[in-house]
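Everything on this sheet refers to the single structure shown next.
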Amino acid sequence: MVFKKFGDLITGVFFLALAVVMFVMASQLPPSLMGGLGSDFMPKVLSVGTAILALFQIRSGIVKMRSYTAEEVPEEYPPEYTRVLATIASFTAYVCLMKPVGFLLTSAVYLFVQMLILAPKEKRNYILFAVISVVFSVVVYFVFRNALNVMLPAGILG
């Protein structure tokens, strides 16, 4: 009952605190030796993005908290533990296979599998998922490699 009323607010505050910690820790990373963007750039961008989203979540939680009445609580869906466990397993495999197989292949396969895990069975579009996975992985690889000068694991392709 408490989490139904204050859940969004609690989640938003948690992620705001996490974003602040991420930003402080990213500030402690060593500067780039070659000038330009250093290793602290992406973690800071992610922490600022997380903070912005957390503020929206906090605002949503305050609105929900103010308008909450116990009678209006809709029937909830049961938790889907298989999706959570499948996500954890696929992410673990992704991290373990990244170095030997390489960023491009593991990222494309991981994104495809993750979309299959999250999409309802009646809305699965295998071709669209494959195209999105490959295009996104290639774009991220070239942005990191060429624009940010960050080497990603080449694996069996490199």
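The values are calculated or read from the model by the stated rules, or taken from the named source; none is laboratory data. Since the structure is predicted, the reported quantities are computational estimates derived from the model, not experimental observations. Note that we place each Cβ from the backbone using ideal geometry, even for glycine, and neighbour counts take in every protein chain shown.
A few comments on the model shown:
- Candidates in the range 91-116 are the residues that are surrounded by fewer than 16 Cβ atoms within 10 Å (Cβ to Cβ) and under 17 Å from the mean Cα position of the chain (by Cα); of these, the one that is modelled with the lowest pLDDT is VAL95.
- Residue among ARG145, ARG124 that is among the basic types (Lys, Arg) and touching a helix residue (DSSP H, G or I) at 6+ places or on another chain (Cβ under 7 Å): ARG124
- Just one residue in the set VAL131, VAL138 is over 19 Å from the mean Cα position of the chain (by Cα) and in a helix (DSSP H, G or I); that residue is VAL131.
- Residue in the range 45-55 that is at pLDDT below 75 and either in contact with a Ser or Thr (Cβ under 9 Å, 6 or more places away or on another chain) or closer than 24 Å to VAL143 by Cα (or both) present: no
- Residues located in the range 117-138, provided they are of a type in the set (Gly, Ala, Ser) and modelled with pLDDT under 90: ALA119, SER137
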